[in-house]
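**Q** The following block contains the structure, expressed as structure tokens.
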Amino acid sequence: MAFKQLWRVFYFYYSLDIFLHLQHYNILTSLVAIFKSKYQGILNQNYPNPFNPITVIHYQLPVDCKVTLKVFNILGQEVVTLVDEFQDAGYKLIEWNARNYPSGIYYVKMNADVFRDVKKVVLVK
């Protein structure tokens with residue numbers, strides 16, 4: 001009989017502990033989601049993709065920050081720097097004319113404060 005009561009008490013506190021941890025986890029994940037949506041930029045896929053020889057790259061900045069937008073080839077070598085400046089918050093676009101570059105796969109890398117993203121683009125001539 002004492003064992004059953006002890007088991008019920010243990011089970012109650014164990015369930016309470018799991019409940020509190022899940023609530024704590026839900027609160028943390030909600031805060032992380034809010035932070036990501038509010039303070040991180042967005043690098044959209046270029047259009048058109050594949051392209052020949054001009055493409056447009058769109059991105060969004062939620063706050064004023066220093067932005068670098070660079071293009072790398074498949075070997076990881078930097079091909080060109082499209083943006084390297086402090087920019088105001090808002091929607092931005094930049095056009096990349098790849099007329100002087102060979103066909104292939106390239107990567108567009110965006111750094112804006114704590115936000116970093118990479119998109120694959122394909123140049124077809």
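Nothing in this text is a laboratory measurement; each read-out follows from the coordinates by a stated rule. In this text the structure is predicted, and so the values were computed from the model without any measurement. When we count neighbours, we look across all protein chains shown, and the Cβ atoms used for this are built from the backbone with ideal geometry, even at glycine.
**Q** Quick query: amide H of L82 versus all other amide H atoms, modeled in the peptide plane; which residues come in under 5 Å with a sequence gap of 5 or more or a different chain?
**A** Close amide H contacts, sequence-distant or interchain: L69, K70, V71.
**Q** So, one more: For every other residue with a beta carbon closer than 9 angstrom to the beta carbon of Q87, add +1 if it is Lys or Arg and -1 if Asp or Glu, then tell me the sum. If you can, show how the numbers build up before the last one.
**A** Working: positive: K66, K92; negative: D64, E85, D88.
So the environment of Q87 carries a net charge of -1.
**Q** Taking the beta-carbon count within 10 Å as an exposure proxy, list V83, V108 from fewest neighbours to most.
**A** V83, V108
**Q** Determine ³J(HN,Hα), in whole Hz, for all residues of region 53-65 in sequence, where each value follows from phi through the Karplus function 6.51 cos²θ - 1.76 cosθ + 1.60 and θ = phi - 60°; x replaces Gly and Pro.
**A** My calculation for region 53-65 gives x, 10, 9, 10, 10, 9, 8, 10, 10, x, 9, 5, 6 Hz in order.
**Q** Within a Cβ distance under 9 Å of V67, other residues only, what is the Lys/Arg minus Asp/Glu net charge?
**A** Numbers: positive: K66, K92; negative: D84, E85, D113.
Cβ neighbours under 9 Å give a net charge of -1.
**Q** I would also like to ask the following. Among residues other than N49 whose Cβ falls under 10 Å from its Cβ, what is the net charge (Lys/Arg +1, Asp/Glu -1)?
**A** Values: positive: K119, K120; negative: none.
Spelling it out: positives minus negatives among the neighbours equals +2.
**Q** So how long is each side of region 40-123 along the principal axes, counting just the alpha-carbon atoms, biggest first, in Å?
**A** That works out to 35, 23, 16 Å along the principal axes.
**Q** Could you pull out every residue, at least 5 positions away or on a different chain, whose amide H is within less than 5 Å of the one on D117? Hs are placed 1.01 Å off N in the peptide plane, and Pro or chain starts have none.
**A** M110
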